[in-house]
Amino acid sequence: VLDKRAGLPVHAGPGGGPNLEQCFDALRFGLPAPPALAHRLDRDTSGCLVLGRHRKALSKLGRLFQGGLVDKTYWAVVAGAPLQAEGRIEAPLLKTTRKDGGWRMVVDAKGQKAATDYRVLGSGEGLTWLELTPETGRTHQVRVHCAELGCAILGEPMYGTLSSEQRQQPLHLHARGIVLRLSKNKPPIAVIAEPPEHMRAALRSCGWR
């Protein structure tokens, strides 16, 4: 499990530049092949990212992720606050093409089922610190669901309504923790990642210490 830094894509993009997969050869640790991604994180999301070190491991991890058997926890700092201190967002997501040739996810009844539980961990200065646990793993799910709550994530470029200053910040979304149940006979593997430097001032204003 790696602690991925924000701003680093996991794959090579059309524009080139550094990406995480370029580093995998250095993570063989004696195995004949480098590890591979078991799931994905957006370029601007930091935190826990799981790799499989060989084919058997990747196959098992794939079954866990596809079966919804991996517990994922995210932290986000959002503008404003949800109406309730905790709750559940159920909003199906559909990938659509934009006029400029790009794409975005939209809430649409024809989309894939998507559900996220959330609770408020703190607040201050017009911001709220949320803990989010997605039940499903759709593209941009947490980002869209926060916007659906009426409180977009700081630094969010596509979803929700933010001021120009709030939109220009780095994305305040962090994959805080992950729990992997790899064996019936052993305790689950639980990993947490400390929040990145760019989120800490906002988190402190919401009560994080």
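The values are calculated or read from the model by the stated rules, or taken from the named source; none is laboratory data. Predicted, not measured: the structure shown is a model, and the values here were computed from it. Quick reminder, even Gly has a Cβ in these numbers, built from the backbone with ideal geometry, and neighbours come from all protein chains shown. Calculation scope for accessible area: heavy atoms of the full protein, side chains included, ligands and nucleic acids excluded. Shrake-Rupley method; radii C 1.70, N 1.55, O 1.52, S 1.80 Å.
Would you mind stating whether residue 131 is of a type outside the set (Lys, Arg), closer than 17 Å to residue 86 by Cα and surrounded by fewer than 21 Cβ atoms within 10 Å (Cβ to Cβ)? Break it down into steps so the answer makes sense when it comes.
Numbers: of a type outside the set (Lys, Arg): yes; closer than 17 Å to residue 86 by Cα: yes; surrounded by fewer than 21 Cβ atoms within 10 Å (Cβ to Cβ): yes.
In short, yes.
Residue selection: residue 53 satisfies the criterion of being touching a helix residue (DSSP H, G or I) at 6+ places or on another chain (Cβ under 9 Å) and either at pLDDT 95 or above or basic (Lys, Arg) (or both). Applying the set (1) open to solvent by 90 Å² or more (accessible area, probe 1.4 Å); (2) at pLDDT 95 or above; (3) assigned to a loop (DSSP other than H, G, I, E, B) to residue 88 leaves exactly one unmet item: (3). Among residues of region 186-207 that are on the phi > 0 side of the Ramachandran plot, those with a beta-carbon under 9 Å from a residue that is among the aromatic types (Phe, Trp, Tyr) and surrounded by 13 or more Cβ atoms within 10 Å (Cβ to Cβ) at least six positions away or on a different chain give the pairs 207/129. Checking each residue in region 85-135 for being closer than 30 Å to residue 208 by Cα and of a type in the set (Val, Ile, Thr) picks out 89, 116, 120, 128, 133.
Could you look through region 98-122, keep only residues that are small (Gly, Ala, Ser) and modelled with pLDDT of 95 or more, and pick out the one that is most open to solvent (accessible area, probe 1.4 Å)? Before you say what the answer is, go through the steps one by one.
Restricting attention to region 98-122, the residues satisfying the condition of being small (Gly, Ala, Ser) are 101-102, 109, 111, 114-115, 122.
Subset that is modelled with pLDDT of 95 or more: 109, 111, 114-115, 122.
Values: 109: 98, 111: 21, 114: 4, 115: 1, 122: 12 Å².
Among those residues, the one meeting the criterion is 109.
Check 17, 13 and return the single one that is in a loop (DSSP other than H, G, I, E, B), open to solvent by 40 Å² or more (accessible area, probe 1.4 Å) and at pLDDT below 95. Walk me through it before giving the result.
Numbers: 13 fails: open to solvent by 40 Å² or more (accessible area, probe 1.4 Å).
After applying the criteria, what remains is 17.
Do you know which residues across region 21-35 are surrounded by 12 or more Cβ atoms within 10 Å (Cβ to Cβ) and of a type in the set (Asp, Glu)? Answer for region 21-35, where residues must be surrounded by 12 or more Cβ atoms within 10 Å (Cβ to Cβ) and of a type in the set (Asp, Glu): just 21.
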